[in-house]
Amino acid sequence: MDTVVCRGIGVSPGIAIAPALVLELRLSQVPKFDLAPDAVEQEIIRLDDAVAAVHRQLERIEQQTGRELGSAMAQIIDAQGLMLDDSSFVDPIRDRIRKLGQNAEWAVKAVGDDLSERFSEISDSYLRERGNDLDDLTARLLRTLAGSGDFRLDNLADPVVLFAYDLSPSDTAMLDRTKIMGFVIDVGGRTSHSAIMARSLEIPAVVGLHNATERVRSGDEVIIDGTEGAVIIHPTVAILGEYRNKRRSYAAHDAELLATRDLPSVTPDGVQIKLLANIESASEVAAARQHGAAGVGLFRSEFLYLRRPTVLPSEEDHYREYRAALEAMAPDPVAVRTLDLGGEKQMPGEFRRLQGSNSLLGLRAIRHSLQEQQMFVQQLRGLYRASNHGDLRIVLPFVSGLGELLEAKALMARVRQDLEAEGHAVTEHVPLGVMIEVPSAALVVGHLANEVDFFSIGTNDLIQYLLAVDRNNDAVAHLYKPLHPAVLCLLDQVMQVAKERGIPVSLCGETAADPLTAMVYMGLGIDELSMSPRSIPVIKNLVRRLSYAEARRILLRSLRLASAREIEEFALEQLMAHFPDGFLAAARGKERCGS
Ligand code: PEP
Ligand code: MG
């Protein structure tokens with residue numbers, strides 16, 4: 001078979017070699033062809049086999065759901081089984097195959113679409129929502145026909161490289177990292193949450209390939225190089241050998257960098273820039289420590305919700321998770337960000353109705369927490385109860401101005417009072433920070449400074465909203481510019497106010513992990529950079545070799561340049577000049593090439 005090489009955006013470094021597993025057949029990409037008359041009966045048998053297989057899958061899932069989540073949840077699965085038996089679903093599919101000579105996939109899609117449209121017109125909201133069950137069922141049947149229906153991401157038998165059109169954050173949260181050697185996604189960019197998750201799970205990943213899922217079949221041997229953004233389907237023996245060697249040399253390179261783990265993160269002219277870890281669960285503190293993190297700068301607590309799609313975490317779940325992280329990281333700090341769902345991070349399954357529309361400008365993060373206060377209170381109670389198990393900080397996401405901050409603080413004060421009245425010990429002062437990730441917040445930091453202990457700049461969103469470039473849309477990935485003059489100018493303004501007001505600033509967007517942007521941002525005088533644990537050794541190398549005075553000079557020059565391109569070229573030139581061994585430039589170049 002011919003070797004196929006596809007190029008995308010390498011978002012999580014490393015090399016994986018394993019058979020492919022194609023997760024999702026996009027409904028818009030269902031194959032359509034006419035059957036030869038003598039192939040019709042065989043196609044009916046193929047459909048019946050797939051229907052029987054789906055029945056077996058649903059039975060298994062129903063039993064498991066019943067055991068783990070109770071009978072009410074199991075009934076949802078049972079309802080799908082009943083739909084599958086319903087003559088109004090399967091009979092028209094058979095008719096299309098027999099009478100119109102359509103292939104089974106196309107017949108399933110046509111009938112599924114038709115019924116789905118009819119469901120969407122029903123006025124009763126409960127019945128209308130059953131349309132989602134029907135869509136799930138159609139997708140399952142299509143996946144089964146394509147040979148990849150019966151698996152769960154958290155329960156795979158053999159190692160695979162996962163191919164999907166897209167992977168939701170909740171899919172990613174459930175990946176079994178011992179079996180998923182790497183993943184490849186048709187859409188997405190460097191700061192999409194599945195890319196961020198891949199880095200924290202240390203799974204090589206390539207995104208933004210447009211049509212990789214159409215070029216590969218489950219079982220095909222593949223290599224993915226998450227450093228260079230390459231995906232190779234049906235590699236030859238020689239290519240396999242080459243990549244095995246490459247894998248060994250990456251591992252040696254990582255080991256070399258890890259040797260800096262216990263060295264201080266201080267510039268040659270004595271300025272300390274603390275390097276912290278971004279994590280999504282308490283279990284990742286071990287990796288943070290292993291890579292030399294001086295604390296957790298961002299604990300994305302929403303993954304507590306995404307990992308278990310059918311149950312909301314209780315106060316006790318929150319408490320246990322934060323306590324575990326605090327104890328594992330003690331005496332170093334852990335900054336927990338309160339729930340940030342919305343945008344692409346959808347509330348899981350049954351709870352989606354709490355969230356409303358999936359708009360990037362919708363009911364996201366703090367907006368949601370202030371509306372669904374009961375959920376927010378559960379989280380705050382868990383946080384405050386955990387507070388005396390380590391050095392806790394709380395960060396509020398997506399704040400757009402003073403009003404939301406004051407409202408949240410009032411609620412936090414009430415929660416603290418209630419806990420104290422109940423006899424719980426709460427640390428006297430839990431430092432509070434706000435994410436600076438909405439441009440309006442960046443413009444009013446002077447007012448926010450009166451109410452918080454620190455700022456945490458989230459460049460992933462700040463750049464998205466400032467430049468009006470969707471961070472998850474690969475079609476506009478080339479416009480997502482961390483070194484755009486508007487970005488530098490706004491960051492500089494924030495830092496000037498923060499310095500005047502004596503407010504420490506941490507920066508936790510993905511830009512912190514990119515040597516090129518980190519070099520320029522260092523000159524802003526940021527106190528802490530927080531990133532996925534794996535990136536810490538590379539950035540420590542940068543900090544230990546570049547003086548703050550030099551970084552400042554680079555920043556001031558950059559601030560005078562008129563376009564992102566000029567700044568990028570200048571910064572790259574400087575990076576090469578300061579690191580002629582090419583070490584950092586190579587690390588960065590590899591991550592970006594092929595996009
Ligand atoms: C950010 O926006 O930069 C950030 C760190 O938050 P998230 O990526 O979770 O939106
Ligand atoms: Mg954000």
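The values are calculated or read from the model by the stated rules, or taken from the named source; none is laboratory data. Owing to the predicted nature of the structure, the values given are computational and were not obtained by experimental measurement. Positions of Cβ are backbone-derived with ideal geometry, glycine not excepted, and every protein chain shown enters the neighbour counts.
Laid out as a table, the results:
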{"read-out": "Set Arg320, Arg261: member being surrounded by fewer than 23 Cβ atoms within 10 Å (Cβ to Cβ), basic (Lys, Arg) and modelled with pLDDT under 95", "value": "Arg261"}
{"read-out": "Residue within segment 402-420 that is assigned to a loop (DSSP other than H, G, I, E, B), crowded, with 16+ Cβ neighbours inside 10 Å and in contact with a helix residue (DSSP H, G or I) (Cβ under 8 Å, 6 or more places away or on another chain) present", "value": "no"}
{"read-out": "Of all residues making up segment 530-557, the number that are of a type in the set (Gly, Ala, Ser), assigned to a helix (DSSP H, G or I) and touching a Gly at 6+ places or on another chain (Cβ under 8 Å)", "value": "1"}
{"read-out": "Members of segment 502-519 that are in a helix (DSSP H, G or I) and within 16 Å of ligand 1 (Cβ to nearest atom)", "value": "Glu510, Thr511, Ala512, Ala513, Thr517, Ala518"}
{"read-out": "Some residue of segment 346-353 being farther than 20 Å from Pro431 by Cα, in a strand (DSSP E or B), modelled with pLDDT under 95 and in contact with a Pro (Cβ under 8 Å, 6 or more places away or on another chain)", "value": "no"}
{"read-out": "Residue list for segment 384-402, filter: within 16 Å of ligand 1 (Cβ to nearest atom) and small (Gly, Ala, Ser)", "value": "Ser400"}
{"read-out": "Some residue of segment 376-391 being polar (S, T, N, Q), part of a helix (DSSP H, G or I), more than 23 Å from Arg190 (Cβ to Cβ) and touching a helix residue (DSSP H, G or I) at 6+ places or on another chain (Cβ under 7 Å)", "value": "yes"}
{"read-out": "Residue among Arg501, Arg544, Arg553 that is surrounded by fewer than 19 Cβ atoms within 10 Å (Cβ to Cβ) and touching a Pro at 6+ places or on another chain (Cβ under 8 Å)", "value": "Arg544"}
{"read-out": "Residue within segment 521-529 that is part of a helix (DSSP H, G or I), modelled with pLDDT of 95 or more and either in contact with a Ser or Thr (Cβ under 9 Å, 6 or more places away or on another chain) or over 18 Å from Asp254 (Cβ atoms) (or both) present", "value": "yes"}
{"read-out": "Candidates Gly423, Gly362, Gly446, Gly433, filtered to the one that is assigned by TED's automatic domain parsing to the domain that holds Leu341 and at positive phi", "value": "Gly423"}
{"read-out": "Residue identified as among the hydroxyl-bearing types (Ser, Thr, Tyr) and under 26 Å from Ala164 (Cα atoms) among Thr227, Thr267", "value": "Thr227"}
{"read-out": "Every residue from segment 282-324 that is within 16 Å of ligand 2 (Cβ to nearest atom) and part of a loop (DSSP other than H, G, I, E, B)", "value": "Ser301, Glu302"}
{"read-out": "Qualifying positions in segment 489-516 - of a type outside the set (A, V, I, L, M, F, W, C), modelled with pLDDT of 95 or more and away from ligand 2 (no atom under 16 Å from the Cβ)", "value": "Asp492, Gln493, Gln496, Lys499, Glu500, Arg501, Gly502, Pro504"}
{"read-out": "Any hit, segment 442-462, residues being away from ligand 1 (no atom under 16 Å from the Cβ), under 19 Å from the mean Cα position of the chain (by Cα), buried (at least 16 other Cβ atoms within 10 Å of the Cβ) and over 30 Å from Glu315 (Cβ atoms)", "value": "no"}
{"read-out": "Residue among Val452, Val445, Val426, Val430 that is touching a strand residue (DSSP E or B) at 6+ places or on another chain (Cβ under 8 Å), more than 16 Å from ligand 2 (Cβ to nearest atom) and more than 29 Å from Leu360 (Cα to Cα)", "value": "Val430"}
{"read-out": "Residue tally, condition surrounded by 14 or more Cβ atoms within 10 Å (Cβ to Cβ) and over 27 Å from Glu528 (Cβ atoms), over segment 421-441", "value": "1"}
{"read-out": "Cβ-Cβ under 7 Å pairs, at least 6 apart or on other chains, segment 1-19 side over 13 Å from Glu228 (Cβ atoms), far side among the hydroxyl-bearing types (Ser, Thr, Tyr) and surrounded by 15 or more Cβ atoms within 10 Å (Cβ to Cβ)", "value": "Ile17/Tyr243"}
{"read-out": "Count of residues meeting criterion [out of contact with any Phe, Trp or Tyr (no Cβ under 6 Å at 6 or more places or on another chain), crowded, with 20+ Cβ neighbours inside 10 Å, of a type outside the set (Lys, Arg) and not in a helix (DSSP H, G or I)] in segment 173-207", "value": "14"}
{"read-out": "Conditions (1) at pLDDT 95 or above; (2) surrounded by 24 or more Cβ atoms within 10 Å (Cβ to Cβ); (3) of a type outside the set (Ser, Thr, Tyr); number of the one not met by Ala468", "value": "(2)"}
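Okay, residues lined up against (1) modelled with pLDDT under 90; (2) in the same structural domain as Val90 (by TED's automatic domain parsing):
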{"position": "Gly8", "(1), (2)": "no, no"}
{"position": "Ile15", "(1), (2)": "no, no"}
{"position": "Ala18", "(1), (2)": "no, no"}
{"position": "Pro31", "(1), (2)": "yes, no"}
{"position": "Gln42", "(1), (2)": "no, yes"}
{"position": "Ile45", "(1), (2)": "no, yes"}
{"position": "Asp48", "(1), (2)": "no, yes"}
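For (1) of a type in the set (A, V, I, L, M, F, W, C); (2) within 26 Å of the chain's Cα centre (by Cα); (3) not in a loop (DSSP other than H, G, I, E, B), each residue gets a yes or a no:
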| residue | (1), (2), (3) |
| --- | --- |
| Ile223 | yes, yes, yes |
| Ile232 | yes, yes, yes |
| Leu240 | yes, no, yes |
| Ala251 | yes, yes, yes |
| Leu257 | yes, yes, yes |
| Pro268 | no, no, no |
